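Student: Handing you this structure, nothing more for now.
The values are calculated or read from the model by the stated rules, or taken from the named source; none is laboratory data. Computed from a predicted model, the values in this text were never measured in an experiment. For neighbour counting, all protein chains shown are included, and Cβ atoms are generated from backbone atoms with ideal geometry for every residue, glycine included. Surface accessibility is based on the protein's heavy atoms, side chains included, excluding ligands, DNA and RNA. Shrake-Rupley method; radii C 1.70, N 1.55, O 1.52, S 1.80 Å.
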Amino acid sequence: MRDDDGGRRDEVDELAGAWRRDGLGEDVIAMLEVSKRASRIGALVQQALRGELAELGLTYAEFEVLTVLNRAGTPYRLRPSELTRSAFLTSGGTSNVLQRLQKAGYVEREANTGDARSRFVQLTPEGLRVTTLALDASARAHREAMAGVPAEAVRDAADALRDILLVIGKRRFR
């Protein structure tokens, strides 16, 4: 999309024009642009990834849980509460995902010998195999979604978003 002066524009620029007409300040408009663009990029990448994951019989939430367990390293085991925090899911959502993954044979639950009230969730060998395939699919989907974006622009955006997240990520909102 181009504006009348030939400058580059995207769908968020159209929203920004409306926000200006509504009298919002430039500082607020810039913040809205960041959140809208980050959300839009996330949605587009997830859309590209969903098709790849569907071929493996996985949902995005299942993929997230499998990759969190994978990142834990050998023996690929965590408590459900740790999974919930790391996968950015609710406890109910985590429970549902774990039931599906256990039924598929990708995770198993085992007693926590140090605390009889809790259990561990662990990747099975088949779960580890599917996780590896899913991570490869994720790399393909990200490359596809970001094709044509200069590597330097991706790196700059990642660094800028980290700066923002380091500040607002520590806050808790109602």
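Student: Carbon and sulfur atoms: what percent of the 1.4 Å accessible area of the chain do they account for? Intermediate results must be reported in sequence, preceding the final value.
Tutor: Working: 6270 of 11740 Å².
C and S fraction of accessible area: 53 percent.
Student: Based on DSSP H runs of at least 4 residues, each adding -39500 (n - 2.57), what is the mean residue ellipticity at 222 nm of the chain after dividing by all its residues, to the nearest 500 deg cm²/dmol? All intermediate terms of the calculation are to be shown ahead of the outcome.
Tutor: Numbers: 7 runs with 115 residues, N = 174.
Per the formula, -22000 deg cm²/dmol.
Student: Continuing with the same structure: May I ask you to give the solvent-accessible area per residue for the chain, in square angstrom, as obtained with a 1.4 angstrom probe?
Tutor: Numbers: 11740 Å² over 174 residues.
Heavy-atom accessible area per residue stands at 67 Å².
Student: Based on the inverse mean of 1/r over its pairs of different Cα atoms, what is the Kirkwood hydrodynamic radius of the chain, in Å? Walk me through the numbers on the way to the answer.
Tutor: Numbers: mean 1/r = 0.0529 Å⁻¹.
One decimal place: 18.9 Å for the Kirkwood radius.
Student: Mind ordering 97-109, 139-151 by average Cβ neighbours within 10 Å, highest first?
Tutor: Values: 97-109: 17.4, 139-151: 11.9.
Packing proxy ranking, top to bottom: 97-109, 139-151.
Student: Quick one: dipole size for the chain, taken about the Cα centre, charges +1 on Lys/Arg Cβ and -1 on Asp/Glu Cβ, in debye to the nearest 20.
Tutor: That gives a dipole near 920 debye.
Student: Sorted by accessible area (1.4 Å probe), largest first, how do 14, 126, 33 line up?
Tutor: Values: 14 105, 126 75, 33 35 Å².
The residues order as 14, 126, 33, largest area first.
Student: I'd like the distance separating the alpha-carbon centroids of region 66-81 and region 6-30, in whole Å.
Tutor: Region 66-81 and region 6-30 have Cα centres spaced 42 Å from each other.
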